[in-house]
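Have a look at the structure below before the remarks.
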Amino acid sequence: MHKLDRREALIALAAVCTGCGRSFSFDSAKSKHAASTPFFRETAQTAGLNYVWSIPGLRPLDILQTIGNGCAFLDFNGDGFLDILLVGTHPALYAGDGKGNFRDVTNETGLNMVQGHFLGCAVGDYNNDGFPDIYLTSYQGGALLRNVQGRRFEEVTRAAGIPAQPWGTSAAWVQTTDSGLLDLYICNYAHYIEGKSMRLCSDHGHMSSCGPRNYTPVSGRLYQNMGDGRFEDVTLQRHANGMGRGLGIACADYDRSGFPTLAIANDEIEGDMLHPQGSGYVNIARKAGTASDAMGNIHGGMGTDWGDYDNDGLLDLLVATFQNEVKSLYHNNGDGTFTDKSLAAGLAPLANPYVTFGAKFIDTDNNGWLDIVLANGHVQDNIHLIDAKAHYHQHMLLLYNGGGSMVYYRDVSHQCGQGFMKPIIGRGLAIGDYDNDGKMDILAVDSEGKPLLFHNETEDAGSWLLCKLQGRKANRDGYGAMLRLTAGGRTLLRHCHADGSYMSSSDSRVHFGLGKAVSADMLEVQWPGGHIDKWTNLPVNRQLLLVEGKPPV
């Protein structure tokens, strides 16, 4: 475990003492856009997202009732415009027109025929036919939905050989071999039998939801794609089961080993970092320093994401946690170890008061530095009786990265649009550019309300590139590819993925914010399997289709 050094501790102390009122000065390495404030307009209702989540049953609510739901940005019909999936007992699919309007296509795509206690989702083209498929996680269930030419979805779970999960939460499509096919990892939570397991526990004299430590952890499962529509459970064979009580998963080849490492955020138990070794995995979380926080404490890990927040050319790991627990920002040291920089980067004092589920890195103003967006909400609906300072409904957080030689996040939530300050039961969260204007938008779940769709209307945003990958030897989605782009005198590292956050799936296109750059000098893509493509002198402010082994379009 890597403790904070003295310099970092002093920075952290200053952050806690000065709080949000602190003034900032950034060095010359930042973009001219670093002083701008991102702005988002909440548009869910006007956009046509007429969906409502509710929690049935007795109150106070129990741990199953408050686990929440996920959401997704995806292009299910291949028209180039992002669509929206909202997950619940009755999943809903909305087709986007690229102009901010969404039409309910749940019935015409057959999604209305799927039934279950659905919680989250993972989106990926597992049969490489060019149309993204969906796996819905579930309590005592799960559903694999094969996309039939962008017209409808066919439920093929049993035929694919994927059994019902005890309590599936987040899931990820990830290429774990050189097959060029996406495999499926499903996180499981805990042993809980509705109607039989203990529902409520006493908390300061009040009956309320029992904590996760009251339930036996259940491990995740890895299903390997056999290439004929079937999947094989290779969890034990490849040592991929992990600690259990998994709530978030994010996959990335952070050390260029050739295949992604599976980072799993576990609830009140050590986190997992399943690193490929030979034909299987080894859990290196303790050795790497990501099993616990900077003080060696385990935490309630929930949403998680990979991203190079300080632009040093190495992917770092974000893990969202429970109230009064550090939201860990694990900095990649480049030697196989990580150091929790949450305090030094200012994240801890800003986010610690919240129960955080959804979590994503996002460049909101295209300055080339990754901001952080968090969806928050407590798990005890009567927490006000237990702790007068705590709230069941909590607002979202947007933490802005102005860049420079030492990244320090500041809270701009109250400045970036009224929707961010609305108290919600925040759970799932996804990001994507739904109107193809080069600025990333945000989709969030309110577990006792309606979806929130934030349109990015930041003024004076920087240049950008939006890259859609298409693998040939690698999986068609290009999931797992590492992209390095040089423009305006600096090099940015991003990776192709749709996973991360909490029970949700994001736009799989790779977004680069480029600040003042008027062109891209070079773009290098390392595909899963090792093939490398390099392109030079690329125009900016547009989408590019990057096909493995071919010139960009």
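The values are calculated or read from the model by the stated rules, or taken from the named source; none is laboratory data. Nothing here was measured: the structure is a model prediction, and the numbers come from that model. Cβ placement follows ideal geometry from the backbone for every residue including glycine, while neighbour counts extend to all protein chains displayed. Just so you know, the surface numbers come from the protein's heavy atoms only, side chains and all, with ligands and any DNA or RNA stripped out. Shrake-Rupley method; radii C 1.70, N 1.55, O 1.52, S 1.80 Å.
Looking only at residues of region 80-109 that are in contact (Cβ under 8 Å) with a residue 24 or more places away in the chain and out of contact with any Phe, Trp or Tyr (no Cβ under 9 Å at 6 or more places or on another chain), we find that the one that is most open to solvent (accessible area, probe 1.4 Å) is GLU108. Does ASP97 satisfy the condition of being under 16 Å from LEU49 (Cα atoms) and of a type in the set (Asp, Glu)? Considered against the rule, which asks whether it is under 16 Å from LEU49 (Cα atoms) and of a type in the set (Asp, Glu), ASP97 comes out as yes. Cβ-Cβ contacts under 6 Å between residues 6 or more apart (or on different chains), taken from a first residue in region 51-70 that is on the phi < 0 side of the Ramachandran plot and open to solvent by 40 Å² or more (accessible area, probe 1.4 Å) to a second residue that is in a loop (DSSP other than H, G, I, E, B) and of a type in the set (D, E, K, R), are listed as VAL52/LYS450. Scanning region 466-475 for residues that are surrounded by fewer than 23 Cβ atoms within 10 Å (Cβ to Cβ) and either over 16 Å from LEU538 (Cβ atoms) or among the β-branched types (Val, Ile, Thr) (or both) returns GLN470, ARG472, LYS473. Considering region 246-260, and only residues there that are part of a loop (DSSP other than H, G, I, E, B) and touching a residue at least 60 places away in the same chain (Cβ under 8 Å), the residue that is nearest to SER219 (Cα to Cα) turns out to be PRO260.
To keep it simple, each residue is scored yes or no on (1) buried (at least 19 other Cβ atoms within 10 Å of the Cβ); (2) outside any loop (DSSP other than H, G, I, E, B); (3) among the aliphatic types (A, V, I, L, M).
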position: CYS201; (1), (2), (3): no, yes, no
position: ARG213; (1), (2), (3): no, yes, no
position: TYR223; (1), (2), (3): yes, yes, no
position: GLY244; (1), (2), (3): yes, no, no
position: LEU262; (1), (2), (3): yes, yes, yes
position: ALA265; (1), (2), (3): yes, yes, yes
position: LEU274; (1), (2), (3): yes, yes, yes
position: TYR281; (1), (2), (3): yes, yes, no
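Being on the phi > 0 side of the Ramachandran plot and either touching a Phe, Trp or Tyr at 6+ places or on another chain (Cβ under 7 Å) or not acidic (Asp, Glu) (or both) is a property that GLY246 lacks.
Would it be correct to say that GLY449 is more than 26 Å from LEU545 (Cα to Cα), of a type in the set (Gly, Ala, Ser) and touching a residue at least 40 places away in the same chain (Cβ under 8 Å)?
On the way: more than 26 Å from LEU545 (Cα to Cα): yes; of a type in the set (Gly, Ala, Ser): yes; touching a residue at least 40 places away in the same chain (Cβ under 8 Å): yes.
In short, yes.
Do we find that VAL52 is within 20 Å of the chain's Cα centre (by Cα), among the β-branched types (Val, Ile, Thr) and at pLDDT 95 or above in this structure? So VAL52 does not fit the description; no.
Taking the criterion of being assigned to a strand (DSSP E or B), in contact (Cβ under 8 Å) with a residue 24 or more places away in the chain and not small (Gly, Ala, Ser), the residues of region 520-538 that qualify are ASP521, MET522, LEU523, GLU524, VAL525, GLN526, LEU538.
Quick check on my filter: what residues within region 378-406 are open to solvent by 40 Å² or more (accessible area, probe 1.4 Å) and either among the hydrophobic types (A, V, I, L, M, F, W, C) or closer than 29 Å to LEU200 by Cβ (or both)? First the steps, then the outcome.
So in region 378-406, the residues open to solvent by 40 Å² or more (accessible area, probe 1.4 Å) come out as 384-385, 387-389, 391, 393, 405-406.
Hits for region 378-406 are HIS384, LEU385, ASP387, ALA388, LYS389, HIS391, HIS393, MET406.
I'm trying to understand the selection: among the residues of region 484-500, which are open to solvent by less than 10 Å² (accessible area, probe 1.4 Å) and under 17 Å from PRO132 (Cβ atoms)?
As a first pass, look at region 484-500 and keep what is open to solvent by less than 10 Å² (accessible area, probe 1.4 Å): 485, 487, 492-493, 496, 498, 500.
The answer is CYS496, ALA498, GLY500.
Quickly run through region 130-161 and pick out the residues that are acidic (Asp, Glu) and touching a residue at least 40 places away in the same chain (Cβ under 8 Å).
Passing the criteria: GLU154, GLU155.
From the list ALA517, ALA461, ALA498, which residue is among the small types (Gly, Ala, Ser), outside any strand (DSSP E or B) and closer than 30 Å to SER447 by Cβ?
Numbers: ALA517 fails: closer than 30 Å to SER447 by Cβ; ALA461 fails: closer than 30 Å to SER447 by Cβ.
None of the other options fit; the residue is ALA498.
Filtering region 513-529 to residues that are over 25 Å from GLY403 (Cβ atoms) and open to solvent by 40 Å² or more (accessible area, probe 1.4 Å) leaves only GLY529.
Is it the case that ALA250 is surrounded by 19 or more Cβ atoms within 10 Å (Cβ to Cβ), touching a His at 6+ places or on another chain (Cβ under 8 Å) and small (Gly, Ala, Ser)? So that I can check it myself, show each step before the final result.
Values: surrounded by 19 or more Cβ atoms within 10 Å (Cβ to Cβ): yes; touching a His at 6+ places or on another chain (Cβ under 8 Å): yes; small (Gly, Ala, Ser): yes.
The answer is yes for ALA250.
Considering only residues in region 416-433 that are open to solvent by 10 Å² or more (accessible area, probe 1.4 Å) and modelled with pLDDT of 95 or more, the one that is nearest to LEU74 (Cα to Cα) turns out to be ILE431.
Can you tell me which residue in region 354-389 is nearest to the chain's Cα centre (by Cα), limited to those that are part of a helix (DSSP H, G or I) and of a type in the set (A, V, I, L, M, F, W, C)? Lay out the reasoning, then the answer.
Taking region 354-389 as the starting set, the residues that turn out to be part of a helix (DSSP H, G or I) are 383-386.
From what's left, of a type in the set (A, V, I, L, M, F, W, C): 383, 385-386.
On the way: ILE383: 27, LEU385: 32, ILE386: 31 Å.
Residue satisfying both the conditions and the ranking: ILE383.
Taken over region 295-329, the criterion of being assigned to a loop (DSSP other than H, G, I, E, B), within 15 Å of ILE372 (Cα to Cα) and either more than 11 Å from the chain's Cα centre (by Cα) or not aliphatic (A, V, I, L, M) (or both) is satisfied by GLY303, ASP308, TYR309, ASP310, ASN311, LEU315, THR321, VAL326, LYS327.
Where residues in region 287-335 are charged (D, E, K, R) and open to solvent by less than 10 Å² (accessible area, probe 1.4 Å), which of them is farthest from ILE383 (Cα to Cα)?
My answer is ASP308.
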